[in-house]
Amino acid sequence: MTSPLVRRMQDFGETVFAEMTQRALAHDAVNLGQGFPDTDAPQPVLDAAVEAIRSGRNQYPPAIGVPELRSAIAEHQLRFRDLHVDPDTEVLVTAGATEAIAATILALCEPGDEVVTFEPYYDSYAASIALAGAQRRTSVLRFPDFTVDEESLRAAFSERTRLVLLNTPHNPTGKVFTRAELELVAKLAREHDAYVVTDEVYEHLVYDGQHVSMATLPGMADRTLTISSGGKTFAATGWKVGWVTGPADAIAAVRTVKQFLTFVASGPFQPAIAAGLRLPDAFFDDQRESMLLRRDLLAEGLASVGVPVAVPAGGYFVIADCSAWGPDALTICRALPERAGVAAVPVSAFHDDAAAAPGLVRFAFCKRPEVITEGVDRLRRAFSTA
């Protein structure tokens, strides 16, 4: 007999990232699909991890996170966002942002509740909502500018809306939500007495415009849970160190769920990420400038191949309309590793309705410049007459 949970999860098989990575390996392709850097974390962060391991910090850390990381997160929120959070009651360390998202949705949602989010969305969002027995209601962001459609967004809210799940800078589009767009989301959340859960893992990788944290808007600190991580900022995605900050009562609920997911994780890497958060402003500026150069290299390269490109304002990814290369994005991406020696990800995998992004493909630029150049050269050779 199949349980309700199994039925809810039957639509979630192997992720598209895993599939495309396997195809890349099979054909020795340049992997511009999955968003992980091919450079290492800064030396002070690596040194702090080594020191933690050598000094014996290899057992279970405290359930809410080691004190120096919780303090560093609170300092970071004050330093960069002018937000005051209590490191003992309003900060929770998690096994990456993905666990923070899952634990937060499971803590705050009951079966039948509704979660408003934007399409395209990171794939774990839909899975976490389904695990909670909640329903997702979406508003579509459309190529090439991905602006918020106010009418569509309003229609997504109802009397059953429990929370809004918002990602800025946005994966996969690279959109950085404007203050006006965030104020609209905040207004609708207040009207429906809903929480806002913000995924801000790319907060330090904004190239155009300004990152505005939802919790900084008037009246939103008490109903916003802010999620981030060290993986993207410090090129340490495999360490899985994330966190969530917000009002103490909500964080307590998330902590109750989290303890039955991973319990704890990443013991010696937590003090290392604390060291990273305390690096001087010059590190964050240099990191952003380095990624900006890579963004431009990939965006201009794709445009030179002849595909329309949406230049991202933040994050790791460029979206291109590759409709000329095949019947749909999934077919295109499955063929790319063998045809061109490049792996990418179909944006349709991030949509409820694949027809909303029929030919859109996501390419990652969090790679060394020579890798990006090689990938573009391969695409140019494969599609010079496309």
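See the values below:
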quantity: Cα-projected label distance for Arg368 with Asp38, points at 7 Å along beta-carbon direction, nm; calculated: 0.7
quantity: Amide proton proximity set for Glu119, modelled H, under 5 Å, gap of 5+; calculated: Ser139, Val140, Leu141
quantity: Per-residue HN-Hα couplings for the stretch 275-282 [Karplus 6.51, -1.76, 1.60; θ = phi - 60°; Hz; x = Gly/Pro]; calculated: 4, x, 5, 9, 5, x, 4, 4
quantity: Cβ-based charge dipole, the stretch 41-182, positive-most Cα from Val148, Phe118, Pro44; calculated: Pro44
quantity: Student exercise, the stretch 289-386 dipole from Lys, Arg, Asp, Glu Cβ charges, in Debye to nearest 20; calculated: 260
quantity: Residue-normalised accessible area of the stretch 242-383, expressed per residue, 1.4 Å probe, Å²; calculated: 37
quantity: For a label point 7 Å along the Cα-to-beta-carbon line of Thr15, residues of the stretch 198-238 with backbone N under 19 Å; calculated: 198-203, 227-238
quantity: Gain on full stretching of the segment that runs from Asp281 to Asp377 - 0.36 nm per residue minus C-alpha separation; calculated: 31.0 nm
quantity: Dipole-positive endmost among Met291, Gly341, Phe269 within the stretch 218-361 (Cβ charges, Cα centre); calculated: Phe269
quantity: Charge dipole (debye, nearest 20) of the stretch 1-159; +1 at Cβ of Lys and Arg, -1 at Cβ of Asp and Glu; calculated: 320
quantity: Under 13 Å from Lys240, Cα to Cα: aspartates and glutamates that are on another chain or at least 8 residues apart; calculated: Glu99
quantity: Sparsely packed GluC sites (Glu not before Pro) within the stretch 129-186, loop by DSSP, other Cβ within 10 Å at most 16; calculated: Glu159
quantity: Over the chain: helical MRE at 222 nm, DSSP H runs n ≥ 4 each giving -39500 (n - 2.57), nearest 500; calculated: -12500 deg cm²/dmol
quantity: Placed amide H near Arg136: partners under 5 Å, 5+ positions off or other chain; calculated: Val115
quantity: Within the chain, longest stretch free of exposed chymotrypsin sites (Phe, Trp or Tyr not before Pro) [DSSP loop, at most 16 other beta carbons within 10 Å]; calculated: 13-259
quantity: Simple Cβ-charge dipole of the chain, Lys/Arg +1 and Asp/Glu -1, about Cα centre, in debye nearest 20; calculated: 620
quantity: Calculated SAXS-style log₁₀ I(q)/I(0) at q = 0.11, 0.12, 0.14 Å⁻¹ - the chain, Debye, Cα scatterers; calculated: -0.78, -0.93, -1.27
quantity: Burial ranking of peptide ranges 292-302, 184-194 (average Cβ count within 10 Å, highest at the top); calculated: 292-302, 184-194
quantity: Hydrodynamic radius by Kirkwood, which averages 1/r over all alpha carbon pairs of the stretch 113-272, in angstrom; calculated: 16.4
quantity: Full-extension gain in nm, Phe80 to Ser304, via 0.36 nm per residue minus C-alpha separation; calculated: 76.9 nm
quantity: Cα lying deepest toward the dipole's positive end in the chain, options Phe177, Ala103, Ser228, charges on Cβ; calculated: Ala103
quantity: Met291 accessible area, assembled protein chains, probe 1.4 Å, Å²; calculated: 10
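The values are calculated or read from the model by the stated rules, or taken from the named source; none is laboratory data. Given the structure is predicted, the values throughout are model-derived calculations rather than measurements. FYI the Cβ positions are ideal-geometry reconstructions off the backbone, even for glycines, and counts take in every protein chain you see. With ligands, DNA and RNA removed, areas are computed over all heavy atoms of the protein, side chains included. Shrake-Rupley method; radii C 1.70, N 1.55, O 1.52, S 1.80 Å.
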